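Please read the structure below before turning to the comments.
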Amino acid sequence: MKALKKEHWNTNKSILININGIPKTKWIMKSIFARDKFIIRLIFIISCILIIYFVYFFIVWNVIVSLTGWEGLVQTYDFIGLENYSQMSQDYVFWTSLLNNFIFMGIFIPSSIILGLLLAIILDQKVKREGFFRLIYLLPYALSFVVTAYLWQWMFTSDGVLNILIDAIVPGTIEISWLGNRYLALVSISIAMIWQFSGYVMLVFLAGIRSVPPSIIMAARIDGASGFKLYTRIIIPQIKTSAFTAFVILMIFTLKAFDFIYLLTGGGPGYGTYILPIMMYEEAFAKNQFAYSSTIATTLLIVVMMITIPYLYITYRKRDNQK
Amino acid sequence: MTLDNMIEMINSELDNEMVFSIKNNSKTILFYKIKRTIKRVTLYVFLIIMAIIMFIPLWSGIIAAFKSQAELSLTSPLLPSLSPTLDPLTAAMNELMRPMLNSYLFTFMATIGSCLIGSICGFVLTKLKFKGSNIVFLFLIIGIFLPYQSIIIPLFITIRDLGLYDSLWGMTVVHIIYGIPITTLLFRSYYENIPDNLLNAAKVDGAGIMTIYRRIILPLSPLPFVVAAVFQFTTIWNDYLFALILTGSDFEPASFALSNLAGGTETAWNNTMAGALLYSLPIIFIFIFLGKYLMQGLIAGAIKG
């Protein structure tokens, strides 16, 4: 890095000498630079406008649609006020989906955080081939949900890997219908998601553990803390930020998870794994209930933003204070 | 010897756990050695078991891709085929050839586009600071956490009305735009560490902003470019929601085509797994050779979905 910087110092100087050496071209160059300044700012402003349009304006648009009675393919803007919202509050499917969202959260988040933390702590013990293990654990996370959904459908089939393994451990058990049972399906999905996300959680925690100042660990060791105590008393309290980040990211993921569950169960059996994003998609693109669908989407957005905005506020205020 | 080295040395010494408690007692030393070995062995056993658990689904999928339909129903899903066949792969290849090409096209274009824009936005937000630039930044990166469901209906209408539905340009533009927040975040956090003095010196010498960007910032940023590009490539390649809503039969991306391949009345698991394998190849390739950069991107505040 140092060499790079030095090199660019030099090239830069040589250009500048040229510019200064030929006064005639100086003002021409300057005016081009002025235009260049404009170009860079212009690209920035255009991308800001795109984000304002494609994120903020669309959110407003979506809220407006949720206040209309748009049904069917032809778009209509007849305002019916909050009728969609009151319909939603009486909709059994909506509350089931929301409940499923929270059950999924309750199983998936604690398990993957505990597993991720465990993997991170164990990988932190100066193991050989740490890079290899890290890659293996993280590989599921890099794969597309489309791929992992079919992999797990295959795992969950009646004579699939999971049933075979359970049969090998406890012979004679009946075949478990992982995705066919409405109460078990959500647990099965959580198992698959824990498999996919624990590597990522591990990575977040590992980065946190590595950024604990070595002097603190050393001081604790001199005071006699070692092994288990060192982690519970010293390191885990130090990586609160990582835990917070992992928690928020997983929470937002569970709220907007769509691809995986949609491809794996399609929301079934019954409404067993119906969650808000799936309900929203089905209402809009299968039943053409666009207004009602955007009502659900708005609700989803409000829940996600209630988590996101405090998170961003805390993260960036803390960082600015540190400077 | 630097301070760091000293700390490291002391650390490694403390690691032995013997420093405090042993007074030339060979029995105690032996005891500690055995205890330590047992600890290390259980550690590795746990690591290897976890690695196997993590790998089982992938293993089962990969071997299924090389089995014939008849063999698939006869053999255990955990054991490799006795007479491996390439038929599922060729069948999947026929189905996925064109969609994969589509996916490559828009993934490459959108990756390059969003990285360039993200780099410029990151540069403006750190080195050309203006009043309220931090707030603008926060407004930009909220897009990372945005549940796409809440904008998908307006997006669908807009793309359809622009005539970009089911086309290369539609997918490219959408992925570039929704890639701006995360690439801006990645580049900004990197450019923050480039000292302002470097730019000030160039400015004093008469360099304009474009020159500074081209001659100083760009040559210093191959790392964030690789990190952002790897991250964007995986995200865009893996995307399913936009593919599902913004494309039809003319311009099928690979993720959508794969779900069609698998979603027939009776799933041919060997073909599905072969398709999934083909579709995952670029990601596995990136993961093995550029995994380090992908991890950096993931740590730098990345989010999936």
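The values are calculated or read from the model by the stated rules, or taken from the named source; none is laboratory data. Just so it is clear, the model here is predicted, and its values are computed rather than measured. Positions of Cβ are generated from backbone atoms using ideal geometry, with glycine treated the same way; all protein chains shown enter the neighbour counts.
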> Hey, among the residues in region A:143-155 that are hydrophobic (A, V, I, L, M, F, W, C) and in contact (Cβ under 8 Å) with a residue 60 or more places away in the chain, which one's farthest from the other protein chains (Cβ to nearest Cβ)?
Replying inline: A:A149
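Conditions (1) more than 10 Å from chain B (Cβ to nearest Cβ); (2) free of Cβ contacts under 8 Å to residues at least 24 places away in the same chain, marked per residue:
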{"site": "A:E130", "(1), (2)": "no, yes"}
{"site": "A:Y141", "(1), (2)": "no, no"}
{"site": "A:G160", "(1), (2)": "no, yes"}
{"site": "A:A168", "(1), (2)": "no, yes"}
{"site": "A:I174", "(1), (2)": "yes, yes"}
{"site": "A:L184", "(1), (2)": "yes, yes"}
> When you go through (1) more than 20 Å from B:F123 (Cβ to Cβ); (2) at pLDDT 90 or above one by one for B:F225, which number turns out not to apply?
Replying inline: (1)
> Quick check: is even one residue across region A:49-59 crowded, with 16+ Cβ neighbours inside 10 Å, farther than 30 Å from A:V304 by Cα and at pLDDT 55 or above?
Replying inline: no
> If B:T107 passes every condition in (1) within 10 Å of another protein chain (Cβ to nearest Cβ); (2) closer than 17 Å to B:L244 by Cβ; (3) of a type in the set (S, T, N, Q) but one, which one does it miss?
Replying inline: (1)
> How about region A:49-73: which of its residues are within 23 Å of the chain's Cα centre (by Cα) and within 7 Å of chain B (Cβ to nearest Cβ)?
Replying inline: A:L50, A:I51, A:F54, A:V55, A:F58, A:I59, A:N62
>> Is it the case, given these coordinates, that A:S158 is over 23 Å from A:L263 (Cβ atoms) and surrounded by fewer than 16 Cβ atoms within 10 Å (Cβ to Cβ)?
In response: no
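The rows are residues; the columns are (1) of a type in the set (F, W, Y); (2) farther than 20 Å from A:L312 by Cβ; (3) within 7 Å of chain A (Cβ to nearest Cβ); (4) part of a helix (DSSP H, G or I).
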{"site": "B:T126", "(1), (2), (3), (4)": "no, no, no, yes"}
{"site": "B:N134", "(1), (2), (3), (4)": "no, no, no, yes"}
{"site": "B:F139", "(1), (2), (3), (4)": "yes, no, no, yes"}
{"site": "B:G143", "(1), (2), (3), (4)": "no, no, yes, yes"}
{"site": "B:L155", "(1), (2), (3), (4)": "no, yes, yes, yes"}
{"site": "B:I159", "(1), (2), (3), (4)": "no, yes, no, yes"}
{"site": "B:Y165", "(1), (2), (3), (4)": "yes, yes, no, no"}
{"site": "B:T172", "(1), (2), (3), (4)": "no, yes, no, yes"}
{"site": "B:H175", "(1), (2), (3), (4)": "no, yes, no, yes"}
>> Of the residues B:N260, B:N238, only one is out of contact with any Cys (no Cβ under 8 Å at 6 or more places or on another chain), surrounded by fewer than 19 Cβ atoms within 10 Å (Cβ to Cβ) and either more than 10 Å from chain A (Cβ to nearest Cβ) or closer than 30 Å to B:T158 by Cβ (or both); which?
In response: B:N260
> Which residue, of B:I151, B:I157, is without any contact (Cβ under 8 Å) to a residue 12 or more places away in the chain, buried (at least 22 other Cβ atoms within 10 Å of the Cβ) and over 16 Å from B:I120 (Cβ atoms)?
Replying inline: B:I151
>> Between a residue in region B:46-68 that is more than 10 Å from chain A (Cβ to nearest Cβ) and any residue that is surrounded by fewer than 21 Cβ atoms within 10 Å (Cβ to Cβ), which pairs come within a Cβ distance under 6 Å, given they are 6 or more apart or on different chains?
In response: B:I63/B:P80; B:A65/B:L277; B:F66/B:S81; B:F66/B:P84; B:K67/B:S81; B:S68/B:T85
>> Would you confirm, using the coordinates I've provided, whether B:I182 is touching a residue at least 40 places away in the same chain (Cβ under 8 Å), surrounded by 18 or more Cβ atoms within 10 Å (Cβ to Cβ) and within 20 Å of A:D259 (Cβ to Cβ)?
In response: yes
> Which of the helices (runs of 4 or more DSSP H) contained wholly in region B:194-305 include at least 2 residues that are free of Cβ contacts under 8 Å to residues at least 12 places away in the same chain?
Replying inline: B:196-204, B:269-299
> Within region A:113-127, can one find any residue that is more than 7 Å from chain B (Cβ to nearest Cβ), under 30 Å from B:Q69 (Cβ atoms) and either surrounded by fewer than 17 Cβ atoms within 10 Å (Cβ to Cβ) or of a type in the set (A, V, I, L, M, F, W, C) (or both)?
Replying inline: no
>> Based on this model, can you work out whether B:V124 counts as of a type outside the set (D, E) and crowded, with 21+ Cβ neighbours inside 10 Å?
In response: yes
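State whether the residues of region B:169-185 include one that is over 17 Å from the mean Cα position of the chain (by Cα), aromatic (F, W, Y) and closer than 19 Å to B:T126 by Cβ.
No; the residues of region B:169-185 include none that is over 17 Å from the mean Cα position of the chain (by Cα), aromatic (F, W, Y) and closer than 19 Å to B:T126 by Cβ.
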>> If I go through region A:223-241 residue by residue, how many of them are outside any helix (DSSP H, G or I), at pLDDT 80 or above and of a type in the set (A, V, I, L, M)?
In response: 1
> What are the residues in region A:161-189 that are surrounded by 14 or more Cβ atoms within 10 Å (Cβ to Cβ), among the small types (G, A, S) and not in a helix (DSSP H, G or I), if any?
Replying inline: A:S177, A:G180
>> Going by what's in this entry, would B:M93 be described as away from chain A (no Cβ under 12 Å), surrounded by 16 or more Cβ atoms within 10 Å (Cβ to Cβ) and either over 24 Å from B:F242 (Cα atoms) or aliphatic (A, V, I, L, M) (or both)?
In response: no
> Give me the pairs: first residue in region A:218-236 and of a type in the set (A, V, I, L, M), second residue assigned to a loop (DSSP other than H, G, I, E, B), beta-carbon distance under 7 Å, and six or more apart or on different chains, which are they?
Replying inline: A:I234/A:A225; A:I235/A:V212
>> Return the residues of region A:268-288 that are surrounded by 19 or more Cβ atoms within 10 Å (Cβ to Cβ) and part of a loop (DSSP other than H, G, I, E, B); say none if nothing qualifies.
In response: A:G272, A:T273, A:Y274, A:I275
> Which residues, taken from region A:60-84, are part of a helix (DSSP H, G or I), exposed (fewer than 15 other Cβ atoms within 10 Å of the Cβ) and of a type in the set (F, W, Y)?
Replying inline: none
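Of all the residues that make up region A:240-267, how many are crowded, with 16+ Cβ neighbours inside 10 Å and away from chain B (no Cβ under 13 Å)?
Qualifying residue count for the region: 2.
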